[in-house]
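Visitor: The structure is given below, and queries will be raised subsequently.
Here, each number is a calculation from the coordinates, and none is a lab measurement. Keep in mind that what you see is a predicted model, and the values were worked out from it rather than measured. Cβ placement follows ideal geometry from the backbone for every residue including glycine, while neighbour counts extend to all protein chains displayed.
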Amino acid sequence: MYIVHVDIVVKPESVESFMAATLINAQASRKEPGIAQFDLLRRRDDPARFLLIEAYRDEQAPLRHKETPHYRVWADTVAPMMAQPRSSLKYEGIESSG
């Protein structure tokens, strides 16, 4: 499993539009065969700050995801809504056998 946490800060006036666009993208993304999880979270103490948790089945799945029409529409739509460039951290899943 290949997990990406994407930290996003949105302009306060764009919060509602960002959430709407991102939920559409998340719904379509969950249907991709390479995606195991795709969640949008919002910070309780800062409603303009979001976290995307994306869990991919393999390391090539994020590349395939970024080639989908829904991702391209999302990226173009939300780009002007960003208060700062989004950042990401990559993780690998560790499975337990017990």
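Visitor: For the pair D46/K90, report the inter-label distance in nm, with labels modelled 7 Å from Cα in the Cβ direction.
Guide: 2.5
Visitor: Once both axes come from the Cα atoms, what is the angle between helix 69-78 and the longest principal axis of the chain, in degrees from 0 to 90, rounded to 10?
Guide: For 69-78 against the chain, the angle is about 40 degrees.
Visitor: Kindly provide the trypsin sites (Lys or Arg not before Pro) of the chain that DSSP labels as loop, not H, G, I, E or B, and whose Cβ sees at most 10 other Cβ atoms within 10 Å.
Guide: Here the trypsin sites (Lys or Arg not before Pro) that fit, given the DSSP loop and packing criteria, are K31, R44, K66.
Visitor: Continuing with the same structure: Which shape class, rounded, prolate or oblate, goes with region 1-65 when its Cα gyration tensor gives a ≥ b ≥ c as root eigenvalues, a/c under 1.5 marks rounded, and past that a/b bigger than b/c marks prolate?
Guide: Prolate.
Visitor: Could you list log10 I(q)/I(0) for region 38-98 at q = 0.14, 0.15, 0.20, 0.30 Å⁻¹, which the Debye formula gives when each Cα is one point scatterer?
Guide: -0.55, -0.62, -1.01, -1.40
Visitor: Right, another one. Between region 42-98 and region 22-40, what's the alpha-carbon centroid distance in Å?
Guide: 10
Visitor: What aspartates and glutamates does K90 reach when the alpha-carbon gap must be under 12 Å and sequence neighbours fewer than 8 apart in one chain are set aside?
Guide: Answer for K90, where 12 Å is the Cα cut-off: D7, E54, E59, listed by chain and number.
Visitor: Take L63 and E13, extend 7 Å from each Cα along the Cα→Cβ direction, and tell me the distance between the two endpoints in nm.
Guide: It works out to 4.0 nm between the two label points.
Visitor: Still on this structure, please answer the following. In the chain, if the dipole is taken from +1 on Lys/Arg beta carbons and -1 on Asp/Glu beta carbons about the Cα centre, which of T22, G93, H5 is farthest to the positive end?
Guide: Going by the Cα projections, it comes out as T22.
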